[in-house]
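The values are calculated or read from the model by the stated rules, or taken from the named source; none is laboratory data. Note that the structure is predicted; figures quoted are calculated from it, not measured. Methodologically, a virtual Cβ is constructed for each residue, glycine included, from the backbone with ideal geometry; neighbour enumeration extends over all protein chains shown.
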Amino acid sequence: MRARASIRPRDGQRAGVSRYPRGRGEKSVWRCTICGAKWRGEPRVCPLDGGELEQLPDALLGRTIGGRYVITEKVGAGGMGTVYRARHDVVGRDVAIKFLSPDLAGDPTNRRRFLREAKAANKIDHEHIIDITDYGETPDGLVYLVMEFLEGESLADTIGRGPLPVPRAVDIARQMASALSRAHELDVIHRDIKPENVHLLRRAHGGGDFVKILDFGLAKMKGEIRLTATGAVFGTPEYMAPEQARGTPLTGKADLYALGCVLYEMLTGEPPFDGPTPDLILKHMRETAPPPSERAPGIPRELDEVVTQLLQKEPSHRHADAYHLYEELRKVGELLPRPSMFPTLNDSGFADALATELPKRVERDTVSSSTDAWDRRVARFRELTVRAHGGAAPEWLTVSLDALERAIGELARRRAELDRSASAVMKQEDEIRHARLRVGNAIDVLGRDESRALRAIDELSKKRAAALDRLGELEAPLREAWGWLPPAPPPKGDLDPDAVTRLRDAGKLASVWVEAQDAVGVLTRDIARRERDRDDLRFQIAQLKGRLGTLNAEGDIDLDALRDKTRRVDEEVQRLLDDIAARSGELVTHFMSFEALRDVMRDEAAAEAE
């Protein structure tokens, strides 16, 4: 079995200095060496206990993105950028945020290609495609996508432990086909289907895998501005369709070929072809892969046939579409045991295999602490003022405390505004998502019917072509037999046996010709009926696609306005927090100059930071 690269980060990618330089307006993150509290901006001392601050190597940790996502940890890095785990402040759930590498962000084409992933996934909005909920650019120029945070593991990691049981492989492929059906119906081609871009979640109570297809960064959408040169080749060589390797225009059947390669690898532990990239591409274009059963005995003939058809060199020889593939996999699946007996995350062996790869959670950033906590600090500062100065507090101290209290009041108002704005964004997102799902599900139903109609038309057309060929074959011998017939039998006397024989032979040919002619007529009428059904389905699908396009366009306008407002309010909240932290730091420095207060303040700060 060949070694497989995991999509999870290497250890060296999880730690160390962030690849993201401090852009315009970006704040450093500092941690108190005494209490461990973290702060953004440029505080001179810890605003809680006056302790020394150390700068954290990753400026994104603890930062709030888009007014509602607090970054908690780095979980992975790749060629296009880095992925972080974050906490959605409004709903209290974890999300993943992918940032485009600053090395690439300067190129407008790279930025558009990066954001294309969000547009493609949102356009499809399918349960088996990762849900991208937000995207945008920070004030200091970081381009990002916000998506659901997925537990579980990649299909590449799963295959890395060996071939999958046949029922499990078929179930995973069927879910992938379901997702691609929707994508292709909406004119989106993934172009990079591979095990690393398929994530497996575990259903509850050992219910099997739940598939999520990732990374639509290379997706091709009909009608978009071309982002690559004509003939440019993108994809992964092990899973690249012949037409994709040639750089010719692609259809969804290129994704079906790649899915065939993935299914082959799930069944055998190896992709259909291996070797250096140039050899791989030539093999995809010229060689025929052996059936999976030759490498892994026990695979049923019906599944061999499905995989073999998927790997046909000519796109027209593959399945008609992803709907067709879904139906074929469903039929194969009905012949197999249910795929619910596979290990779950609760099974010790499977959990142990993941335990070393799942990163640990980190503490929540102190800079996001509530205004209630700041109110308590101000009250505590006033108590300390009395202990330090009695009734003779210096004027500057009273002024500073009053200013801090006003800033905290303004922070409370701004935070309430931020919560309302972020909640409005979330509500609008949910409404748009549910509407898209309803329309998408309706498109799926009609798309399956259209696929069946197209396949029926194709089958009927083949039968009509055969009947027409038969008519053509009969025409010459029928004319010849007809020519040998006498114009009419004699009115009296014996009939000529030879003439009767010729008449019989001509009648047989005529009977076959009439049957073929009738068949052509029946088939022509059936085809016309199916074509009317197809046209009606296409009209309904076009109407739904138009509705979906309107939903997306209107939703983008509404959401952009709400998100912009949320970002502006968040920037004001961050400014207030920085100001409050700076004012608090000055006060703490003053109180720490009183030896009798130092231990008290540090004990309270340590307790608050826990």
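Output yes when any residue across the stretch 55-65 is farther than 22 Å from D603 by Cα, of a type in the set (A, V, I, L, M, F, W, C) and in a strand (DSSP E or B), and no when none is.
First, the residues of the stretch 55-65 that are farther than 22 Å from D603 by Cα: 55-65.
From what is left, the residues that are of a type in the set (A, V, I, L, M, F, W, C) are 56, 59-61, 65.
If we keep only those that are in a strand (DSSP E or B) as well, we get 65.
Yes, the conditions are met somewhere in the stretch 55-65.
Pairing each residue of the stretch 198-210 that is part of a strand (DSSP E or B) with any residue that is surrounded by 18 or more Cβ atoms within 10 Å (Cβ to Cβ) and at pLDDT below 85, provided the two are 6+ apart or on different chains, yields no C-beta distance under 7 Å. If you go through the stretch 495-553 and keep only what is aliphatic (A, V, I, L, M) and under 30 Å from D125 (Cβ atoms), you end up with L537, I541, A542, L544, L548, L551, A553. Of all residues in the stretch 427-444, none satisfies being free of Cβ contacts under 8 Å to residues at least 40 places away in the same chain and more than 22 Å from the chain's Cα centre (by Cα).
For (1) buried (at least 17 other Cβ atoms within 10 Å of the Cβ); (2) under 28 Å from L180 (Cα atoms), each residue gets a yes or a no:
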| site | (1), (2) |
| --- | --- |
| R455 | yes, yes |
| K463 | no, no |
| G483 | no, no |
| P497 | no, no |
| L523 | yes, no |
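Please work out if D171 is more than 22 Å from A553 (Cα to Cα), touching a helix residue (DSSP H, G or I) at 6+ places or on another chain (Cβ under 7 Å) and either polar (S, T, N, Q) or in a helix (DSSP H, G or I) (or both). Judged against the criteria, D171 is a match.
The residue of the stretch 294-307 that is surrounded by the most Cβ atoms within 10 Å (Cβ to Cβ), among those that are of a type outside the set (D, E) and closer than 15 Å to P271 by Cβ, is V307.
Taking the criterion of being among the small types (G, A, S), part of a helix (DSSP H, G or I) and over 26 Å from the mean Cα position of the chain (by Cα), the only residue of the stretch 243-299 that qualifies is S293.
In this structure, is A183 modelled with pLDDT of 85 or more, more than 26 Å from E429 (Cα to Cα) and assigned to a helix (DSSP H, G or I)? No. Against the numbered list (1) under 14 Å from L214 (Cβ atoms); (2) crowded, with 22+ Cβ neighbours inside 10 Å; (3) of a type outside the set (K, R), F149 comes up short only at (2). Going residue by residue through the stretch 85-99, is there one that turns out to be of a type in the set (V, I, T), in a loop (DSSP other than H, G, I, E, B) and under 17 Å from the mean Cα position of the chain (by Cα)? So far as the stretch 85-99 goes, no, none of its residues is of a type in the set (V, I, T), in a loop (DSSP other than H, G, I, E, B) and under 17 Å from the mean Cα position of the chain (by Cα).
Beta carbons closer than 6 Å, at least 6 apart along the sequence or on distinct chains, pair a first residue in the stretch 312-327 that is over 13 Å from D255 (Cβ atoms) and assigned by TED's automatic domain parsing to the domain that holds A179 with a second that is charged (D, E, K, R) and assigned to a loop (DSSP other than H, G, I, E, B) for Q312/R318.
If you go through the stretch 261-286 and pick out every residue that is at pLDDT below 95 and small (G, A, S), you end up with 1. Listed by first and then second residue, the pairs linking a residue in the stretch 297-309 that is assigned by TED's automatic domain parsing to the domain that holds L164 to a residue that is assigned to a helix (DSSP H, G or I) and loosely packed, with under 13 Cβ neighbours inside 10 Å, with Cβ atoms under 8 Å apart and 6 or more places separating them unless they lie on different chains, are E302/K331; Q309/H317.
This table checks each residue for (1) hydrophobic (A, V, I, L, M, F, W, C); (2) touching a residue at least 40 places away in the same chain (Cβ under 8 Å).
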| residue | (1), (2) |
| --- | --- |
| P497 | no, no |
| R504 | no, no |
| R538 | no, yes |
| D579 | no, yes |
| V588 | yes, yes |
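Once the stretch 100-148 is narrowed to residues that are of a type in the set (S, T, Y) and assigned to a loop (DSSP other than H, G, I, E, B), the residue that is farthest from A183 (Cα to Cα) is T138. Determine, yes or no, whether W396 is surrounded by fewer than 16 Cβ atoms within 10 Å (Cβ to Cβ), touching a helix residue (DSSP H, G or I) at 6+ places or on another chain (Cβ under 6 Å) and outside any loop (DSSP other than H, G, I, E, B). In short, no.
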